[in-house]
Amino acid sequence: MTYAITGLDADRFASLFAMTDAELAAINARRVTATADRGFPCRISLEDAKAGEELILLHHTSHDVATPYRSAYAIYVRPGVEAATWRDETPPVFEGRPLALRAFDAEGMLRTARLAGPGEADGAIRDLFGDKGISYIDAHNAAYGCFAARIERDAA
C-alpha cells in the first residue's frame, strides 16, 4: 500500500444532528437538504449525498497545527454513515472534481502542492509521496476550497 484516505470520525459530529436549527446557528452551522445527487460531499463517507438527504454544513478545522498553515473551512457531514477508508485508490467524492493537493511534513509545514484535474489524483498522490519528507496530504476541492480528505502515507 502507498496511501490511505479515511473519512472523518462520525462520532465527532453525531451530536449535531440532535440540535435544533437555533442551536446549530449559534455555532455557525446549518441543517441542509441535498438538492441534487452531486454537490453535497460528505466528509465522513467520502461520497456525495443523494437528493433529499439531510446534512449538516459546519465550520471545520481540517489542519489543526501550530504553524502558519493551520486551515479551516466549511464541510458537509451526513448522519448514520461510517468513516470510509480507501487504500491505494481515490474515493467517489474525488471523481470529476479538480483537487488542490497540499503536501505537509511531520511538523505541519507545507512542502509542496499540486493541482490534480479529474482522474489525476491517484498519480499526483503517488508522485507527492515520492518525496520521503512528505508525511501527509490534505486534499481540497480546487474551486470551492473546502477540505475533501486527509491522505496518509503508508506506514510500511
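Points worth noting:
- A Cβ distance below 8 Å, combined with a sequence gap of six or more or placement on separate chains, defines the contacts here; from region 13-37, residues that are under 19 Å from residue 49 (Cβ atoms) reach residues that are among the basic types (Lys, Arg) and at pLDDT 95 or above in the pairs 21/30; 21/31; 24/30; 24/31; 34/50; 37/50.
- Meets criteria (part of a strand (DSSP E or B) and either within 22 Å of residue 152 (Cβ to Cβ) or touching a strand residue (DSSP E or B) at 6+ places or on another chain (Cβ under 8 Å) (or both)) for residue 62: yes
- Count - residues of region 103-156 that are assigned to a strand (DSSP E or B), of a type in the set (Val, Ile, Thr) and within 15 Å of the chain's Cα centre (by Cα): 2
- Residue tally, condition loosely packed, with under 12 Cβ neighbours inside 10 Å and among the β-branched types (Val, Ile, Thr), over region 28-48: 2
- Answer from 100, 83, 26 - the residue that is at pLDDT 95 or above and over 14 Å from the mean Cα position of the chain (by Cα): 26
- Considering region 49-98, the residues that are small (Gly, Ala, Ser) and under 15 Å from residue 17 (Cβ atoms) include one that is surrounded by the fewest Cβ atoms within 10 Å (Cβ to Cβ), namely 80.
The values are calculated or read from the model by the stated rules, or taken from the named source; none is laboratory data. Note that the structure is a prediction, hence the values are computed from the model and not measured. Note: ideal-geometry Cβ built from the backbone for every residue, glycine included; neighbour counts use all protein chains shown.
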